[in-house]
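A short reminder: the numbers here are calculations on the coordinates, not readings from a lab. Because the structure is predicted, anything quoted here is derived from the model rather than measured. Cβ: placed from backbone, ideal geometry, glycine included. Neighbour counts: every protein chain shown.
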Ligand SMILES: [Zn+2]
C-alpha cells in the first residue's frame, strides 16, 4: 500500500523501447505529465498511439515537454481534445518549434488519409536477401488521425515558455525547472521538487529527457541540479554503445572526399531537428577544410531549414565556438555549398543534378518523405551512396539497407541495391554509454534510485550494470504502467 503522502512516478511509454515517452508524477497536491510522445516504427505501431495512458487528462496540473522530437511531443496535439486546458511548459526554443511540429503532424495525418483513399501512399520494403524480406502491411482501415489542425491550435495556445534554471510553480508545493540537456536546441532535463506535508525535506526528482554527448561541439553543455535527486529517470538509447567523435569526423570527411572525387550522389536520410544540424556542422567543417570544394549540399526539408535558422538565432543555446561565431555575425551552420530547399518543386529540381552532390532529406528511417523519392531514383545506381546515421527501426527500409538489403521495392518500383551503403555512428545527438555514466557522475552526489527508460532492452540492461557499478543501489527497468514510489 502506498502512503497517502507518497510521491509516485508512473511510466506510460518508452519502457524498454525508444519511442512513446510519457511519464506521470503523482504528488499529494498535483499530477503532472512529462512528455506525451508518439510510438513510432511503421504502421503496425500506429494503433498504440490511440491507447491512452489511464489517467484523467482534464485534472492534470501541467504537462512538461523536454524537447520537440516526435517521440517526446508527438501526441501533445491530442491534449485539448482529451480535456486538458492547463499549461504546457517547455523551454523557449521548444515553444518556438512545437507549433510547426504539431501543425505539420496534423497535416501529415490528414494527407495519409487521402493517400490511403487514392492508393498513393508511399511504400517501401525489402525484397532480398531472404532473411531481411519485409512485407508491406496491409491496412484494412484508413490511417489514424490522432488530432486535427484545430486540436493542435488549441494546444499551441497552452504553450508556456520557461527560461532555463528558473523555478516554475505548478501547484502548491510543486515546482519544476529546466536544465540544458545538450541534445537538440531547446532540449531540457526537468528537475521537480515536491514539498510533502509533515516532512522537512522535499522529494527531489530529475528527468533526463534525451541527453546529448558530454562534449558537444554544437550545443551548450549540460546543467545539473544543485543537490542530489532522490530519483533520476534517465534515458538509455545508447546504453550499449560507445562512439569516438574523432573517428566519426574522419570517416565522414573520407566519404565526402570520395564522393567529390568520384562525382557521387550521397543520400543522407536525416531527421529535421538535431540530426540535420549535427550533419550540417560536420559539412560546414568539411567545407572549411576544403573537402567539399564546391560540391553542392541540398538540405531537402522545410522543417530542417526552419530548425537550423532557430539554432543561428539562439546563441545562448550553443557551444562556445558556435556561440562566438554567432556573436561575430557568422552562422556556424552555413557554408557556401549549402542550398536550402523549401518546397516540393525545389526538391524535384535536384533530380536533374548529375554531378556529385549531398542530399539531406527526411525521414531518417527512410520510411516516408522526400528521401524515398531520392532513393527510388538512385538506389540502383553504382555512383550513388547512402549514408546512414544513428538508430534504424527494425522492419523499415533504413534498417534493411543497413543490414545488407540487395533488392528493395520503393513506391512500387523493384530495384537492385547498387548504391554503396555506409554507416556513421555518433551523429544522433544522443549520449553514448560513457556520456550517460558521466552525466550521472557529475551530479552533486549519486541518486539513490535510477530508473532507466527510453532504451531498447539490450541498451537498458547494459547501462543498468554500469550504473550499479557506479554505486547506485537501486536501478530499475520498468515496464509500461509500472508505478515507482519516490518518498
Ligand atoms: Zn530526442
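To the nearest ten degrees, helix 92-118 and the longest principal axis of the Cα atoms of the chain are 60 degrees apart. Overall shape of the stretch 235-324 was characterised from the C-alpha gyration tensor. The equivalent ellipsoid obtained from it has semi-axes of 22, 18, 15 Å, in decreasing order.
Pair-distance distribution of the stretch 245-424: all C-alpha pairs, bin width 10 Å, starting at 0; shares per bin in whole percent are 10, 39, 37, 12, 2, 0.
Sticking with the crude label model, points 7 Å out along Cα→Cβ, report the distance from residue 81 to residue 247 in nm, one decimal please. With each label placed 7 Å out from Cα toward Cβ, I get 4.6 nm.
Taking 0.36 nm per residue of separation and subtracting the current Cα-Cα distance, fully stretching the chain between residue 413 and residue 457 would add 12.3 nm.
Once the C-beta distance of residue 29 and residue 157 is scaled by a Förster radius of 45 Å, the resulting FRET efficiency is 0.95 to the nearest 0.05. If the chain linking residue 345 and residue 131 were pulled fully straight, counting 0.36 nm for each residue of separation and taking away their Cα-Cα distance, it would gain 73.3 nm.
Helix content alone sets the calculated 222 nm mean residue ellipticity of the chain: runs of n ≥ 4 DSSP H residues at -39500 (n - 2.57) each, divided across all residues, give -8500 deg cm²/dmol. Taking a ≥ b ≥ c as the square roots of the Cα gyration tensor eigenvalues, the stretch 75-212 comes out prolate, since a/c reaches at least 1.5 and a/b is larger than b/c.
For residue 48 and residue 169, the difference between the fully extended length at 0.36 nm per residue and the C-alpha to C-alpha distance is 40.3 nm. Each principal axis of the Cα cloud of the chain was taken in turn, and the coordinate range along them, longest first, works out to 72, 52, 41 Å.
If R0 is 41 Å, the Cβ-Cβ spacing of residue 263 and residue 403 corresponds to a FRET efficiency of close to 0.90. Our summary gives the chain a relative contact order of 20 percent, counting only alpha carbon pairs under 8 angstrom and 6 or more residues apart. Note on residue 120 and residue 228: with the Förster distance fixed at 56 Å, the Cβ-Cβ geometry gives a FRET efficiency of about 0.55. Comparing Cα centroids, the stretch 24-56 and the stretch 399-468 end up 22 angstrom apart.
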